[in-house]
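Contents: one structure, followed by commentary.
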Amino acid sequence: MTARGSATRYARALFDVAVKEHVDPDAVHRELVGFTSLVSGHETLQRALMNPAVPAMQKRAVVEALLARGGQLNPILGKLLLLLAERDRLTLLPELAAAFDRRMMDHRQVVRAQLATAVELPADRVAALKDGLARATGRDVQIETRVDPSLVGGAVAQIGSTVYDGSITTQLRKLKQALIESAQ
């Protein structure tokens, strides 16, 4: 199984246990992101926890010390971190945090959309496009915009693997193809 697949399974299990135990998944998410940031932001700690030459039991001891010093961390998350250390799977932390984030967004009925336009759009136009995407998906939409001058005009929105292409470039390409086909 790939690292992403494993991280996704751990994230799903963490989320499911939090919900089953009536623990606020948002709090677990914040704590997971905080612990992941702590590890990634401290070079020596990251090297110790991610190095395959360091024995798993030493990694567990480091995680136990971090949990003891770190104040109150949710016991569910603490158990998962210790399990990851025992199994020498702490390298999954960044992907696990990302997978948990995706799980939280799904739980909240939120999707992320990337919107590319030829020119920067005013806030009201972005809001109108966001509302249209929300109606199309039936979910709340977090939108990230970028300018792509190659589009000439119009917009291209992507949500997951679904692309809504209303760019002039694509319309011109389709028109060209239709003209070529009709001439034959």
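Quick rundown of the values:
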quantity	calculated
Per-region count, segment 143-170, residues surrounded by 15 or more Cβ atoms within 10 Å (Cβ to Cβ) and either within 18 Å of M104 (Cβ to Cβ) or among the hydrophobic types (A, V, I, L, M, F, W, C) (or both)	6
Residue in segment 38-60 that is more than 17 Å from R87 (Cβ to Cβ) and small (G, A, S) present	yes
Test result for A85, hydrophobic (A, V, I, L, M, F, W, C) and either surrounded by fewer than 19 Cβ atoms within 10 Å (Cβ to Cβ) or outside any helix (DSSP H, G or I) (or both)	no
Options A128, A53: the member that is surrounded by fewer than 13 Cβ atoms within 10 Å (Cβ to Cβ), within 30 Å of T162 (Cα to Cα) and out of contact with any helix residue (DSSP H, G or I) (no Cβ under 8 Å at 6 or more places or on another chain)	A128
Test for L80: is it farther than 30 Å from R139 by Cα and at pLDDT 95 or above	yes
Filter result (under 18 Å from R89 (Cα atoms), among the small types (G, A, S) and either part of a helix (DSSP H, G or I) or outside the structural domain of V17 (by TED's automatic domain parsing) (or both)) within segment 43-79	A48, A56, A61, A65, G78
Number of positions in segment 1-43 that are over 22 Å from G71 (Cα atoms) and of a type outside the set (G, A, S)	10
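The values are calculated or read from the model by the stated rules, or taken from the named source; none is laboratory data. Every value quoted in this text rests on a predicted model; they were computed, and no experiment measured them. Every residue, glycine among them, receives a Cβ derived from its backbone with ideal geometry; neighbour counts consider all protein chains shown.
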